[in-house]
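Chemist: Shown below is the structure under consideration.
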Amino acid sequence: MITESRRRAFLDAMQIATWLPRAELPFAAPSRPGLLQFVKPESAPASVVELDQAPAQPAPSMPPAITASPAAAASPAADAVRAVMPRIVMPEPKKTATKARDVESSAAEQKVTVPPPRFALQLLRAGNCLLLVELPTGESFQSRDPAYLLLKDMLRAAKLPDKPQQVGDGEPIRWPLLHRGSLEQGAEAARDYVQGVVAAELEGTGCACVWLVGLPALRFAGEVEEDACYRELHIEGIGHALAMPGLEQLMEQPDSKVALWKAMRRSMSRWVTGL
């Protein structure tokens with residue numbers, strides 16, 4: 001409800017001199033007694049003719065807008081009304097909850113189940129070096145495998161024994177561990193597992209350098225990608241490591257053997273002299 005002063009300003013702006021509310025208004029001044037007197041109309045209203053069928057009632061129409069005259073619009077009272085009339089601001093719809101739901105639904109749609117990584121690594125020992133080698137076929141090396149023959153050539157070039165010994169029970173490190181079950185087998189779990197196996201072997205018998213051969217060895221033991229090849233790394237919990245491309249890549253790209261030989265020569269003193 002509005003106050004009496006504001007109500008009178010509205011009425012003056014609409015050029016309404018006399019008015020009578022239907023109900024008692026709060027904060028309103030008392031009505032004058034003369035306004036409440038009933039005046040009997042001079043002529044009786046026209047009689048109502050009853051029809052057999054009542055005509056259809058027209059749809060209710062909007063009340064006509066009250067248009068003030070130019071004089072009233074320019075009057076001081078109208079200026080006062082416009083000055084005191086509060087500006088009506090439609091409240092904006094609350095979008096916070098709706099926006100949050102939209103973001104959640106969009107994130108759920110974009111969330112794609114990433115399958116666990118799949119690889120097989122063989123842990124070998126050759127002299128003062130530990131070798132973590134990707135198995136190209138996923139199975140243990142055989143004596144006549146081309147990849148195994150290449151590995152033996154690399155060991156001879158590095159002045160290491162060309163008959164690497166299998167570590168532990170000789171079984172490759174395979175991932176995923178389980179094909180079923182609720183065990184977490186994502187990339188982070190695979191990295192923890194591979195690093196744990198290598199660190200456990202180093203605790204028993206240390207080494208001067210770890211060869212990381214192949215992308216799975218680089219990614220899950222060294223936490224690096226393929227662009228780190230031909231470089232020496234220092235891995236926390238493992239120590240010094242030499243990053244190498246996979247055996248299959250070396251066979252398919254002979255030029256990569258040149259870069260590998262240069263990297264091996266830079267690090268050879270580490271496992272030959274122990275420096």
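Since every read-out is calculated from the coordinates, none of them should be taken as a lab result. This structure is a prediction, so every number in the text was calculated from the model and none was measured. So basically every Cβ, Gly included, is an ideal-geometry build from the backbone, and we count neighbours across all protein chains shown.
Chemist: Label the stretch 205-275 by shape, choosing from rounded, prolate and oblate, from the square roots a ≥ b ≥ c of the eigenvalues of the Cα gyration tensor; if a/c is under 1.5 it is rounded, and otherwise prolate applies when a/b is larger than b/c, oblate when it is not.
Modeler: Values: a/c = 2.22, a/b = 1.26, b/c = 1.76.
Oblate shape, in that a/c is at least 1.5 and b/c is the bigger or equal ratio.
Chemist: Between GLU225 and GLU188, how many nm apart are label points set 7 Å from Cα along the C-beta direction?
Modeler: My value for the distance between the label points is 2.0 nm.
Chemist: Suppose a student asked you for the relative contact order of the stretch 119-272, using Cα pairs under 8 Å spaced at least 6 residues apart; what percent would you report? If you can, show how the numbers build up before the last one.
Modeler: Details: 234 pairs, mean separation 40.0, N = 154.
So the answer I get is 26 percent.
Chemist: Given 0.36 nm per residue, what is the gain on full extension from LYS257 to ARG144 after removing their alpha carbon distance, in nm?
Modeler: 38.6 nm
Chemist: Right, here's the next one. Please list the equivalent ellipsoid semi-axes of the stretch 119-272, computed as the square roots of five times the alpha-carbon gyration tensor eigenvalues, in descending order and whole angstrom.
Modeler: The answer is 23, 17, 16 Å, longest axis first.
Chemist: A follow-up question, please. For the stretch 226-275 and the stretch 111-160, what is the centre-to-centre distance using only Cα atoms, to the nearest Å?
Modeler: Centre-to-centre (Cα) distance: 13 Å.
Chemist: In addition: So how compact is the stretch 163-217: Cα radius of gyration and Dmax in angstrom?
Modeler: Every Cα atom of the stretch 163-217 included, Rg and Dmax give 13.0, 40 Å.
Chemist: Rank by packing, highest mean first: peptides 10-18, 227-235, 137-145, with packing defined as the count of other Cβ atoms within 10 Å averaged across residues.
Modeler: Descending packing order for the listed peptides: 227-235, 10-18, 137-145.
Chemist: Please give the FRET efficiency for LYS163 paired with VAL114, using the beta carbon to beta carbon distance and R0 = 35 Å, rounded to the nearest 0.05.
Modeler: Taking R0 as 35 Å, the efficiency between LYS163 and VAL114 is 0.35.
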